[in-house]
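Worksheet for the structure shown next.
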Amino acid sequence: CNDWLIDSGASKHMTGFKESFVNLSEHESPHKVKLGDDYQYPIKGSGEASYNLDSGKSLKMKEVLYVPGLKKNLLSISALDAKGMRVAFVDGQVLMWPKGKTIDDAVVIGEQEGGLYKLKGQPEHAMVHESMEPSELWHRRLAHVHYRALPLARKAVEGLPKIQSKHEGVFKGCAKGKNIKKAFPSSESKAKGILEIIHYGVCSPMSSSSLSGYVYYVSFIDD
């Protein structure tokens, strides 16, 4: 659901995925969306979506229709035109610039791929959530008590749900917190001025990506 197709036939921006919105207002609509297969899809809401382009710009899409059942995200050229934007297809790229400006001020928003024009970049997600097993949730709430103790805790307190732990018994955060690391070796070189020695490190792939879709980060520290 991350790909957005640049569509000259769509009258509105639309998507069938809640995850594509940064905010969404769900409501019933008397109108329907008719696609090429002649099937009419009901509109179940509208909202805003945002896309971080490879050019570094951010494309904000307003009045995006939420159409469950739609298999593709559609960026409407006519909707962009209504907002005062010009769009051109040049040498396999999609250029966009404001009315009143020239094509020299255009930014690349998409490229041709497999006969279709797609936005190039990463979607910005705000409507994200993480599901968690009850045993994991209450392990964290109760100061990381052992998983085997969770079923017994119901006898001591009120309001705790029945928990049947299927966990392997080791929380990664607890295990890592008890690990012992060797000290870094001493260094003979000491910086005498600002930015003379810079220490940097790249964190290996994170288990969960950021809202912008990144799994790495780099840190820089002045000695």
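When the residues of region 1-38 are narrowed to those that are aromatic (Phe, Trp, Tyr) and over 11 Å from VAL67 (Cβ atoms), which ends up modelled with the highest pLDDT?
TRP4
Would a scan of region 139-147 turn up a residue that is part of a helix (DSSP H, G or I) and surrounded by fewer than 18 Cβ atoms within 10 Å (Cβ to Cβ)? Explain how you work it out, then say what you get.
Here is the first cut: in region 139-147, the residues part of a helix (DSSP H, G or I) are 139-141, 147.
Keeping just the survivors that are surrounded by fewer than 18 Cβ atoms within 10 Å (Cβ to Cβ) gives 140-141.
Yes, region 139-147 contains at least one residue that is part of a helix (DSSP H, G or I) and surrounded by fewer than 18 Cβ atoms within 10 Å (Cβ to Cβ).
Can you tell me which condition ASP81 does not meet? The list is (1) closer than 15 Å to GLY121 by Cα; (2) acidic (Asp, Glu); (3) without any contact (Cβ under 8 Å) to a residue 12 or more places away in the chain, and all the others hold.
Every condition holds for ASP81 apart from (1).
Check region 98-107 and report whether any residue there is assigned to a strand (DSSP E or B), farther than 21 Å from GLN122 by Cα and free of Cβ contacts under 8 Å to residues at least 40 places away in the same chain. Steps first, please.
First, pick out the residues of region 98-107 that are assigned to a strand (DSSP E or B): 98, 107.
Among the residues that remain, those that are also farther than 21 Å from GLN122 by Cα are: 98.
Add one more test, that the residue is free of Cβ contacts under 8 Å to residues at least 40 places away in the same chain, and what stays is 98.
Within region 98-107, one or more residues are assigned to a strand (DSSP E or B), farther than 21 Å from GLN122 by Cα and free of Cβ contacts under 8 Å to residues at least 40 places away in the same chain.
Could you pull out the residue among LYS72, LYS60 that is modelled with pLDDT under 90 and charged (D, E, K, R)?
LYS72
Considering every residue within region 45-62, establish whether at least one is over 24 Å from the mean Cα position of the chain (by Cα), of a type outside the set (A, V, I, L, M) and over 29 Å from VAL107 (Cβ atoms).
Applying the first criterion (over 24 Å from the mean Cα position of the chain (by Cα)) to region 45-62 yields none.
No, because not a single residue in region 45-62 is over 24 Å from the mean Cα position of the chain (by Cα), of a type outside the set (A, V, I, L, M) and over 29 Å from VAL107 (Cβ atoms).
So which of GLU63, GLU48 ends up being in a strand (DSSP E or B), among the acidic types (Asp, Glu), free of Cβ contacts under 8 Å to residues at least 40 places away in the same chain and within 28 Å of SER210 (Cβ to Cβ)?
GLU48
Looking at this structure, is LYS83 modelled with pLDDT of 90 or more and either within 27 Å of GLY213 (Cα to Cα) or of a type outside the set (Gly, Ala, Ser) (or both)?
yes
Confirm whether VAL108 is farther than 18 Å from ASP3 by Cα and among the β-branched types (Val, Ile, Thr). Step through it out loud before you land on a result.
Numbers: farther than 18 Å from ASP3 by Cα: no; among the β-branched types (Val, Ile, Thr): yes.
When the stated conditions are applied, VAL108 does not pass them.
Return the pairs, sorted by first residue and then second, in which the second residue is of a type outside the set (A, V, I, L, M, F, W, C) and assigned to a loop (DSSP other than H, G, I, E, B), the first residue lies in region 196-211 and is on the phi < 0 side of the Ramachandran plot and touching a residue at least 60 places away in the same chain (Cβ under 8 Å), the beta carbons are less than 6 Å apart, and the residues are 6+ apart or on different chains.
Close Cβ pairs satisfying both conditions: LEU211/HIS125.
The values are calculated or read from the model by the stated rules, or taken from the named source; none is laboratory data. On a predicted model such as this, the values are computed, not experimentally measured, just so you know. Every residue, glycine as well, gets a Cβ built from its backbone with ideal geometry; the counts of neighbours run over all protein chains shown.
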